[in-house]
1. If a residue must be outside any helix (DSSP H, G or I), within 15 Å of residue 291 (Cα to Cα) and among the hydrophobic types (A, V, I, L, M, F, W, C), how many such residues does the range 525-539 contain?
2. Restricting attention to the range 135-150, which residues are part of a strand (DSSP E or B), open to solvent by less than 30 Å² (accessible area, probe 1.4 Å) and modelled with pLDDT of 90 or more?
3. With the structure loaded, tell me whether residue 385 is under 23 Å from the mean Cα position of the chain (by Cα), open to solvent by 40 Å² or more (accessible area, probe 1.4 Å), at pLDDT below 95 and not polar (S, T, N, Q) or whether it fails that test.
4. Quick one: residue 109 ticks every box in (1) of a type outside the set (A, V, I, L, M); (2) within 27 Å of residue 252 (Cα to Cα); (3) open to solvent by less than 30 Å² (accessible area, probe 1.4 Å); (4) touching a Gly at 6+ places or on another chain (Cβ under 9 Å) bar one, so which box is it?
5. What number of residues within the range 117-134 satisfy the criterion of being within 18 Å of residue 191 (Cβ to Cβ) and in a loop (DSSP other than H, G, I, E, B)?
6. Hey, can you tell me all the residues within the range 497-555 that are open to solvent by less than 20 Å² (accessible area, probe 1.4 Å), more than 16 Å from the chain's Cα centre (by Cα) and hydroxyl-bearing (Ser, Thr, Tyr)?
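The values are calculated or read from the model by the stated rules, or taken from the named source; none is laboratory data. Keep in mind that this is a model prediction, so the values were computed, not measured. FYI the Cβ positions are ideal-geometry reconstructions off the backbone, even for glycines, and counts take in every protein chain you see. Please note that ligands, DNA and RNA were not included when accessible areas were found on the heavy atoms of the full protein model with its side chains. Shrake-Rupley method; radii C 1.70, N 1.55, O 1.52, S 1.80 Å.
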Amino acid sequence: MNKTKILLLAITGMMATAFTACQSDDIDSAAGGDANANVYNVTADVDAAQDNQPGSRVLSVDATNKKVLHSTWAAGDKLIAFVSSDGTSNTRTSYWTIAADKSGKGSTFTGHIAAKGNAKVQATDDLCFFYPADAVGKSIAPVTKSGEDDDKPYHDEVNQISNLLALNLTRQDGTAETIGKLYDYQYKQVKPKSIVGSNLNVSIGNMKRIVSLWGLRFTDNNNQILTNIDSVYISNVKGSDVFNLSTGSFVTNNPADESMNIVVTPPTGQKVSSAGGKYTYISLLPGTYTDVLIMVYVGNKCYKKEYSRLSFDEGKVYHTDLLSMPEVLPEPYVEVQGIKWATGNFIHYGPETGGYWGIAPAQWWISRRAVKLGSNRKPASNGTLQSSQFESSPTQTTDDVDLFRFGDIKNALNLHGDTYTNRDITVDKYYAPKPLIHREVDRSQAEYGDIVRYYTADKKQKYRMPTEADIKNLRDKADAIPAYCVTEQGTFVYGAYFTTAGAVRVKSFPTRVKSLYKYTNVTALVRANKGLFLPITGRRVTLSPVMGYRDMTYGAGAYGQYMTSTPGTAGMSMDFFFGPTEWNWSGNAKVQAKAIRPVWISGEEDSNHKPVLDQDYLNLQNTLKIW
């Protein structure tokens, strides 16, 4: 086939000047190689959008009415141009694009388009146009179906263009302008009107916005306008999915590709603010959502608003004032499947003699939660701040411990030790060798037993180690999804997030190695005391302080190994494993050091029936600025 001379693609058309929406606290709606490619000279017209309908690209807030968003084309705006029938088989490494020649409500677009290989575009072919092309590699990525879990497809990024686009809205900055550049997804599919040689005529008509826009304003528990907002978390609304250009619809039944959260973080040095009637805008994927949680972080305080059910329609704009948002305060436990779990793993922190023994100050807490790592993934003074989940062979130190041997109390901080007990630690009893056999003793003489019960027995909130039955509630009954939390230092800690299952249980483990994009940000949910987050912590073998299987980049897979107080055979404890390649229950050596997530026993309340938290726990949270 003869090569066709490369010519320009032109699109000319008028788009809407602006659109408006009415505000309601109830979220009511407002109204490969190209050497042999046939590259066509295309002329396309775009109809003018009607009043109150979404227009095109650049979004800006009206100077006098903060609920009005103006929408116009800007010079250089680009659309993806794609031949639908190419599917996922086009080997080209970048999308064909068409760009606006000038700013304004209408503009002429020029660029190129071609089918895969040297195929000709036919009059019966569907041509797909998608905005914004500049978001490829930022909030958009070509993907292909790479497998199935329980008959549910999942998709991975590819280095060639595809009719499948992964759309990611999970990280935004709250401005309409940025939405216009990266998250204002618009789509249209049309057939050519005529093709004469290398000249192709097409009428695009109106581009269709496939997202919803939501403007939010906030006040605190005293109904004071919030101005110095560090971040906003919106949980249980869809922030990512896979869109099929060929069908003009989202892929269905693919939960591994769907992230149910959006985080708004302003640019460095700036704050989110509701002063002067200003709205914080987000773009989200349309749908009906339940148990929506909005968390607003201001300094070391956090405020929340919950909705039992919200619906967002495609292409519409919503405005909501979140008034008198209650402040979120720490709680002693979180309940999942009827079990009351501590809001953190059991840890030791601080000086070896004394220090803090008890519940970690956050559910995501792991030892070495933030360490500077060099390119070799070893500590370096000028390295990148990361958690120990990305450190090569991280070493535990006595001032920061989250892994313990079975029943060991006296020598728990001997990281080279091999001490454990074969006595029953599911009961409120303690043991010591007399002189060799472990016999029951008073708590004041204890060397072995349930270390959690031992260190919390005199506290206002009391806990114990979980039993096999407790952990199996999570493993066999609870919803479980891959998740991560952002620490107070900005590092990421990965793990599993558990909630009480509904009619149909959700379990998304194992995840496969190097699939961090499948993990959902649950920081806000965890802080709001909704759901249980267990970090991937690995384990220490006997006589070694090195934490193995904590490294999330390890090819064989990292895992969380959570110990129960239930013994297996002699010298073994029954443990729960989960991670990229793990979801199992097995007996393991008691001399291994493992994570413990305690279970709440009882606690004190004040005159208003609010839990009284232990002062050392609160002091640790405040000192480390966890809250």
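1. Qualifying residue count, the range 525-539: 1.
2. Passing the criteria: 140, 141, 142, 143.
3. Criteria not met by residue 385.
4. Checking residue 109 against (1) of a type outside the set (A, V, I, L, M); (2) within 27 Å of residue 252 (Cα to Cα); (3) open to solvent by less than 30 Å² (accessible area, probe 1.4 Å); (4) touching a Gly at 6+ places or on another chain (Cβ under 9 Å), the one that fails is (2).
5. The total comes to 8.
6. Scanning the range 497-555 gives a single hit, 537.
Each row is one residue, and each column tells you yes or no for (1) under 24 Å from residue 140 (Cα atoms); (2) among the hydrophobic types (A, V, I, L, M, F, W, C); (3) at pLDDT 60 or above; (4) outside any strand (DSSP E or B).
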| site | (1), (2), (3), (4) |
| --- | --- |
| 26 | no, no, no, yes |
| 34 | yes, no, no, yes |
| 43 | no, no, yes, no |
| 54 | yes, no, no, yes |
| 64 | no, no, yes, yes |
| 71 | yes, no, yes, no |
| 75 | yes, yes, yes, yes |
| 93 | yes, no, yes, yes |
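Each row is one residue, and each column tells you yes or no for (1) over 30 Å from residue 512 (Cα atoms); (2) open to solvent by 60 Å² or more (accessible area, probe 1.4 Å); (3) out of contact with any Ser or Thr (no Cβ under 6 Å at 6 or more places or on another chain).
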{"position": "152", "(1), (2), (3)": "no, yes, yes"}
{"position": "157", "(1), (2), (3)": "no, yes, yes"}
{"position": "172", "(1), (2), (3)": "no, no, yes"}
{"position": "187", "(1), (2), (3)": "yes, no, yes"}
{"position": "196", "(1), (2), (3)": "yes, yes, yes"}
